[in-house]
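Chemist: Below is the structure I would like to discuss, written out as structure tokens.
Each value in this text was obtained by applying a stated rule to the coordinates, not by laboratory testing. Nothing here was measured: the structure is a model prediction, and the numbers come from that model. Counting neighbours? That spans all protein chains shown, and the Cβs are built from the backbone with ideal geometry, glycine included.
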Amino acid sequence: MHIEIDEISKSFGTTAALHPVSLAVPSGALVALLGPSGSGKTTLLRILGGLEYPTSGRVLFDGQDATGLTVQQRRAGFVFQSYALFRHMTVFDNIAYGLKARPRASRPAKAEVARRVTRLLDLIQLPDIGARYPSQLSGGQRQRVALARALAIEPRMLLLDEPFGALDAKVRKELRQGLRDIHDTTGLTTVFVTHDQDEAMELADLVVVMSMGRIEQIGKPQDIRARPASAFVREFISA
Amino acid sequence: MSDAPATWRPATEETPLVRRLLIGSVLGILALLLLAPLVAVFVEALRKGWWEAVTSLANPEGLAAIRLTLTVAAIAVPLNAVFGIAAAWFITKYDFRGKALLITLIDLPFSVSPVVVGLCVVLTFGANTWVGGMMVDAGYPIVFALPGIVLASMIVTFPFVARELIPVMVEQGRAEEEAALTLGASGWRTFLTVTLPNIRWALLYGVLLCNARAMGEFGAVAVVSGKIRGQTATMPITIEMLYNEYLSVAAFTLAAVLAFLGFLTLGLKTFLEIRHADALAATRRH
């Protein structure tokens, strides 16, 4: 799905988290929102997911105005920073949650839910953990379960908030490839937030560098490296 | 660790003497302050035998007091559970101006004497006020009747549920609820399937405390009830009246029943905790 952000701004009280920003995300792209904390990247992601409403501006999904759509109507697969797995449910029930929450008419039968959960557990290469609770999983496993849970609703796009932030360096490297593979398999338009320029440059097709609620530069990783648009970008990517 | 010298001990452990002193003093205080008075109540109640104790309660006034107290708790506790959840939800899931003031306001019944609460209810809903007068005319007086007792009990016990829930809900944050919403769940479904299971233990504890206090409330109820025997005298009120009339067997038997109701709630909590130990462990913060 093609996403267009048209002059979106957001302020909390008197502080502006986002100055009007515009951005087009081509269908099927893997895009990184890169910037230090406080740059507005997470706010922008939450506006895309419908968890936050913009103060002004529009969001367009495939050319259709989606600004007023509720979080449920957006059908965005969202992976939260600390994964936000439902701690009182098994991994199976976590992944099945979105399917069971559907209105009765479009809710799959029990056997179909089980089949889809099994398929997702295979996709994240953890076929045997369905009966476990989140507290019994490692950080990397939790991240992959969160990804499977987001994919279960057959989302129109995938939004990830610092998906590797809570992991140690070794697991982080492995899961980067995992995300790339899942993106390539599903073909979903994917936007992820990171403060790690290595991660953004290695993983993304398109990198959006942000600072202080503004977009500093949009470009392919190699272009940003070769021609940083501002002193901030030059400094940030060399860090 | 077996080859450590005999005098070796971890830095966080006290010497055996200090340890025994600490444990001994705690047990001593518990026995003196909690156990002895409780035993005394039961001993006094049964001083003249079981038969005497049972017959002392088996009169219309005694039974009415028990029935009234249970009725008040049955109305006040569920309502306060709902209000407590609503207040905790509002405070923890939204950011707004005056939040600190609202939290202070919820704590108000803890810091104000129950007698003052009772007087406030009389002044606000008494027969010579606008609301109270209207209700008296309609045939449903508030003060010196069941509604007043329920109202006073609710005000006094209001903070229990909210106070238990707020720290738990603050600690858990909003992420799980937000996740449920992004997965397509409605607000109500999110509350039932995500919020409620996560807070159920704190909620249970708050409800039990609220219940124990609602059944035992004396000061506020003493003011609003009018102490009409067989009609508005709750168990604590009746106990005091019996005691003042030197009917000690009846007074202590009723006190024993009240204490027993308290044990029952504690027993219920312990039973549920043991039964759901697995789920309890699994829902600890990961």
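Chemist: On a straight-distance basis, which lysines could pair with A:Lys41 in a cross-link, Cα separation under 21 angstrom, same-chain partners fewer than 8 positions away excluded?
Modeler: Excluding near neighbours in sequence, the set is A:Lys10, A:Lys220.
Chemist: Okay, moving on. Test of understanding: in a Gaussian network model of chain A with alpha carbons linked when under 10 Å, which of A:Thr70, A:Thr194, A:Thr15 would top the mean-square fluctuation ranking?
Modeler: Result for chain A, Cα springs under 10 Å: A:Thr15 fluctuates most.
Chemist: Can you sort A:Leu147, B:Leu102 so the residue with the fewest Cβ neighbours within 10 Å comes first? Don't skip to the end; give the middle numbers.
Modeler: Working: A:Leu147 24, B:Leu102 15.
The most exposed by this proxy come first: B:Leu102, A:Leu147.
Chemist: Here's something else I'd like to know. What is the distance, in nm, between label points placed 7 Å from the Cα along the Cα-to-Cβ direction at A:Arg104 and at B:Leu27?
Modeler: About 6.1 nm, to one decimal.
Chemist: Still on this structure: Just from its helices, what would the mean residue ellipticity at 222 nm be for the protein assembly as shown, if runs of 4 or more DSSP H residues each count -39500 (n - 2.57) and the sum is divided by every residue, rounded to the nearest 500 deg cm²/dmol?
Modeler: Theoretical 222 nm ellipticity from helices: -18000 deg cm²/dmol.
Chemist: A follow-up question, please. In whole Å, largest first, what are the principal axis extents of the Cα atoms in chain A?
Modeler: For chain A, the Cα spread along each principal axis is 54, 40, 31 Å.
Chemist: Set the Förster distance to 41 Å, then compute FRET efficiency between B:Arg67 and B:Glu14 from the Cβ-Cβ distance, nearest 0.05.
Modeler: That pair, B:Arg67 with B:Glu14, gives E of 0.20.
Chemist: Hey, could you grab the Kirkwood Rh for region A:89-133? Inverse mean 1/r over distinct alpha carbon pairs, Å, one decimal.
Modeler: On the way: mean 1/r = 0.0934 Å⁻¹.
The Cα-based Kirkwood calculation yields 10.7 Å.
Chemist: Span-like helices, chain B: DSSP H, alpha-carbon axial extent 15 Å or more, mean Kyte-Doolittle 0.0 or greater, which ones?
Modeler: B:16-30, B:60-93, B:99-111, B:114-125, B:146-172, B:196-216, B:248-275
Chemist: While we're looking at this one, here's another question. Counting GluC sites (Glu not before Pro) as exposed when in a DSSP loop with at most 12 other beta carbons within 10 Å, what is the longest stretch of chain B free of them? Working shown, then result.
Modeler: Working: sites that count: B:Glu13, B:Glu14, B:Glu245.
With a cap of 12 other Cβ atoms within 10 Å, the longest stretch comes to B:15-244.
Chemist: Say we join alpha carbon atoms closer than 10 Å with springs in a Gaussian network model of chain A; which of A:His183, A:His88, A:His195 then has the biggest fluctuation?
Modeler: Largest GNM mean-square fluctuation: A:His88.
Chemist: Taking chain A as a Gaussian network, where each spring joins two C-alpha atoms under 10 Å apart, which residue of A:Ala101, A:Ala152, A:Ala66 fluctuates the most?
Modeler: Of A:Ala101, A:Ala152, A:Ala66, the Gaussian network model singles out A:Ala101 as fluctuating most.
Chemist: If I take R0 = 41 Å and measure r between the Cβ atoms of B:Lys48 and B:Ala74 in this structure, what FRET efficiency does the formula 1/(1 + (r/R0)^6) give, to the nearest 0.05? The partial results should precede the final answer.
Modeler: Details: r = 32 Å, r/R0 = 0.79.
E between B:Lys48 and B:Ala74, to the nearest 0.05, is 0.80.
Chemist: Between A:Asp181 and A:Ser56, what is the label-point separation in nm under the 7 Å Cα-to-beta-carbon projection?
Modeler: 4.7
Chemist: Same structure, new question: Tally the DSSP beta bridges in the protein assembly as shown and give the antiparallel ones as a percent, rounded to 5.
Modeler: Working: 19 of 37 bridges.
Restricted to the protein assembly as shown, the bridges split so that about 50 percent are antiparallel.
Chemist: Using the 2.2 N^0.38 Å rule of thumb for compact globular proteins, work out how region B:50-284 stacks up: its C-alpha Rg over that value, please.
Modeler: Values: Rg = 20.5 Å, N = 235, 2.2 N^0.38 = 17.5 Å.
Taking N as the residue count of region B:50-284, the ratio is 1.17.
Chemist: In whole angstrom, and with the biggest value first, how far do the Cα coordinates of the protein assembly as shown range along each principal axis?
Modeler: 96, 79, 51
Chemist: Could you give the length gained on full extension between A:Gln125 and A:Asp223, defined as 0.36 nm per residue of separation minus the Cα-Cα distance, in nm? Can you show the working numbers first?
Modeler: Working: separation 98, 0.36 × 98 = 35.28 nm, distance 3.41 nm.
Full extension of this stretch gives 31.9 nm more.
Chemist: Calculate, in nm to one decimal, what B:Leu105 and B:Asn128 gain on full extension: separation in residues at 0.36 nm each, minus their alpha carbon distance.
Modeler: Gain on extension, B:Leu105 to B:Asn128, equals 5.6 nm.
Chemist: Report, in degrees rounded to the nearest 10, the 0 to 90 angle that the Cα long axis of helix A:139-152 makes with the longest principal axis of chain A.
Modeler: Between helix and principal axis, roughly 80 degrees.
Chemist: For the pair B:Thr55 and A:Glu112, how long in nm is the line joining their label points, each one 7 Å along Cα→Cβ?
Modeler: According to this spin-label approximation, the distance is 7.3 nm.
Chemist: Under 15 Å from a point 7 Å along the Cα-to-Cβ line of B:Ala138: which residues of region B:67-92 have their amide N that close?
Modeler: Correct set: none at all.
Chemist: Oh, and also: Looking only at Cα atoms, what is the convex hull volume of region A:65-207 per residue, in Å³?
Modeler: On the way: hull volume 17.7 nm³, N = 143.
About 124 Å³ per residue, rounded to a whole number.
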